[in-house]
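Written below as structure tokens is the structure these notes are about.
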Amino acid sequence: SSLPDITCKHLYLDQLGRMWVATYKNGVAMCSESMSNFVSLNIGDINAICEDQQGNYWIGRNDGGIIKMDPKTLEPIDTFSKQRLGVPSDIIVGCYAAKDGSLCFGTYEGGILQYKNGTWKNYRTTDPGSALVTNNIWGITEDRWGNIWVGVLGGGAVRIDKRTGKQQAIVSDNSILNTVWTNSISTASNGWILLGNSEYFALIHPGR
């Protein structure tokens with residue numbers, strides 16, 4: 001009748017006003033004001049949750065890839081693992097549902113996973129033209145023009161141009177960032193990109 005674990009990794013408020021809580025060692029919990037307690041789903045260690053345009057929930061696990069879940073039945077629709085996708089990591093750290101309908105997932109040691117129109121794409125440091133310094137993607141957001149921004153642990157921030165796919169890194173060498181150890185990234189209400197890092201936070205004007 002309460003939280004299954006006191007270490008909460010991620011909070012997500014869905015369209016029905018229900019609060020989803022990802023916990024470190026005991027799956028995900030859901031709480032609604034119309035309910036008297038939490039409902040706990042034993043599906044592993046959960047680091048990230050987002051919702052696609054069809055209302056399905058996408059849950060990033062710490063040790064088992066990604067689960068696509070039916071919001072009505074709370075049953076898995078599909079599961080995506082590193083073996084199935086042919087990628088280096090099953091450790092999902094963050095996720096983001098973009099305005100164009102695509103979904104982006106940050107991984108530990110596996111780069112960026114992008115899902116769009118039924119197709120998966122993996123961005124890594126070894127790709128031609130990659131601006132990623134490491135494959136540890138700790139957060140994802142987008143700017144007002146739909147460009148994707150990722151927070152890289154040990155690599156500052158990277159902007160991926162929506163139209164061309166070209167990547168640009170924002171690091172200590174080419175900006176006033178004091179540290180490249182980015183732990184989180186989001187878009188502020190004024191459109192600026194906000195980085196949480198090992199030295200508090202930093203703001204980036206995204207430009208165009």
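The values are calculated or read from the model by the stated rules, or taken from the named source; none is laboratory data. A quick note: this is a predicted structure, and the numbers were derived from the prediction, not measured. In this analysis, Cβ positions are derived from the backbone assuming ideal geometry, glycine residues included, and neighbour counts consider all displayed protein chains. Side chains included, ligands, DNA and RNA excluded: accessible areas come from the protein's heavy atoms. Shrake-Rupley method; radii C 1.70, N 1.55, O 1.52, S 1.80 Å.
For the range 195-208, enumerate the residues that are surrounded by fewer than 18 Cβ atoms within 10 Å (Cβ to Cβ), in contact with a Ser or Thr (Cβ under 8 Å, 6 or more places away or on another chain) and in a strand (DSSP E or B).
Gly196
If you check every pair at least six apart or on different chains, which have Cβ atoms under 8 Å apart with a residue in the range 121-142 that is at positive phi and surrounded by fewer than 16 Cβ atoms within 10 Å (Cβ to Cβ) first and a residue that is in a loop (DSSP other than H, G, I, E, B) and not acidic (Asp, Glu) second?
Gly129/Lys166
Condition (residue is in a loop (DSSP other than H, G, I, E, B), surrounded by fewer than 22 Cβ atoms within 10 Å (Cβ to Cβ) and hydroxyl-bearing (Ser, Thr, Tyr)) applied to the range 48-58: is it met by at least one residue?
Scanning the range 48-58 turns up no residue that is in a loop (DSSP other than H, G, I, E, B), surrounded by fewer than 22 Cβ atoms within 10 Å (Cβ to Cβ) and hydroxyl-bearing (Ser, Thr, Tyr).
In the range 97-109, which residues are over 13 Å from the mean Cα position of the chain (by Cα) and open to solvent by less than 60 Å² (accessible area, probe 1.4 Å)?
Answer for the range 97-109, where residues must be over 13 Å from the mean Cα position of the chain (by Cα) and open to solvent by less than 60 Å² (accessible area, probe 1.4 Å): just Gly101.
Can you pull out every residue in the range 66-96 that is surrounded by 15 or more Cβ atoms within 10 Å (Cβ to Cβ), in a loop (DSSP other than H, G, I, E, B) and either without any contact (Cβ under 8 Å) to a residue 12 or more places away in the chain or small (Gly, Ala, Ser) (or both)?
Within the range 66-96, just Ser89 meets the criteria.
Please determine whether any residue of the range 18-38 is in a loop (DSSP other than H, G, I, E, B), over 30 Å from Thr119 (Cβ atoms), out of contact with any Cys (no Cβ under 9 Å at 6 or more places or on another chain) and free of Cβ contacts under 8 Å to residues at least 12 places away in the same chain.
yes
Would you point out the residue of the range 30-40, among those that are over 20 Å from the mean Cα position of the chain (by Cα) and within 15 Å of Pro71 (Cα to Cα), that is modelled with the lowest pLDDT?
Per the criteria, the residue is Val39.
From the list Asn183, Asn178, which residue is open to solvent by 20 Å² or more (accessible area, probe 1.4 Å) and not in a loop (DSSP other than H, G, I, E, B)?
Only one candidate passes the filter, namely Asn183.
Pull up the range 110-120, narrow it to residues that are open to solvent by 30 Å² or more (accessible area, probe 1.4 Å) and in contact (Cβ under 8 Å) with a residue 12 or more places away in the chain, then point me to the one that is nearest to Asp173 (Cα to Cα).
Checked the range 110-120; the qualifying residue nearest to Asp173 (Cα to Cα) is Gln114.
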